[in-house]
1. Using a simple spin-label model with points 7 Å from Cα along the Cα→Cβ vector, what separation in nm is obtained for E31 and K50?
2. For K3 paired with E40, estimate the spin-label separation in nm (one decimal), with each label point 7 Å from Cα along the Cα-to-Cβ line.
3. Work out, step by step, the length gained on full extension between F81 and K97: first 0.36 nm times the residue separation, then minus their alpha carbon distance; give nm to one decimal.
4. To make sure I understand the rule: partners must be aspartates and glutamates, Cα under 16 Å from the Cα of K70, and not fewer than 8 residues away in the same chain. Which ones qualify?
5. Can you tell me what the convex hull of the Cα atoms of region 2-48 projects to on average, as an area in nm²?
6. Pop a pseudo-label 7 angstrom from the Cα along the beta-carbon direction at both E60 and K121 and give the gap in nm to one decimal.
7. Would you calculate a helix-derived [θ] at 222 nm for the chain, using -39,500 (n - 2.57) for each DSSP H run of n ≥ 4 and dividing by the full residue count, to the nearest 500?
8. For K73, list the lysines whose Cα falls under 18 Å from its own Cα; do not include residues on the same chain fewer than 8 positions away.
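Any read-out appearing in this document is the output of simple, stated calculations on the displayed coordinates, not a laboratory observation. Model, not experiment: these values are computed from the prediction. All Cβ positions, glycine included, derive from the backbone under ideal geometry; neighbour counts span all protein chains shown.
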Amino acid sequence: MTKEMVCILCPNSCNLIVTQSDKNPDGLKVENALCPKGKEYAHNELFNPKRTIASSILVEEGELPLVSVKIDKPIPKSKIFEVMKEIKKAKVKAPVKIGDILIKNVAGTDANVIATKSVDKI
Ligand code: SF4
């Protein structure tokens with residue numbers, strides 16, 4: 001099986017051609033990568049894809065109704081829906097400081113949801 005994917009680890013954005021052998025599914029052949037990270041990227045995308053998330057959380061008694069947030073480490077792609085569900089139902093009270101952990105271990109992923117902006121109390 002041959003697949004094309006773009007490595008997003010650096011601005012070179014290499015167009016990888018990834019061939020997976022039927023005899024050894026783990027033995028990937030990766031062409032067009034300008035560095036060894038391309039093979040690692042292709043392997044992770046095929047066998048353990050991860051993503052980061054940025055969103056916002058409702059703020060009560062704040063000068064703004066929402067605070068922007070992100071997760072502090074990539075999570076398995078399969079957990080994105082669960083994580084977004086927790087973020088959507090969360091509410092915090094102002095004041096919120098940039099870097100505050102607003103949800104610990106979100107959806108059991110070991111990642112925390114942190115504020116990327118400060119919101120003062122009204
Ligand atoms: S393969 Fe290497 S050089 Fe190419 S985009 Fe990925 S990290 Fe950058």
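1. 3.0
2. About 1.9 nm separates the two model spin labels.
3. 3.2 nm
4. The reachable aspartates and glutamates, counting only those whose Cα sits under 16 Å from K70, are E82, E86, D100, D110.
5. Spelled out: convex hull of the Cα atoms, projected over all directions, averaged, 2.9 nm².
6. About 1.3 nm separates the two model spin labels.
7. Result for the chain, helices only: -5000 deg cm²/dmol.
8. Candidates past the 8-residue exclusion: K50, K85, K104, K117.
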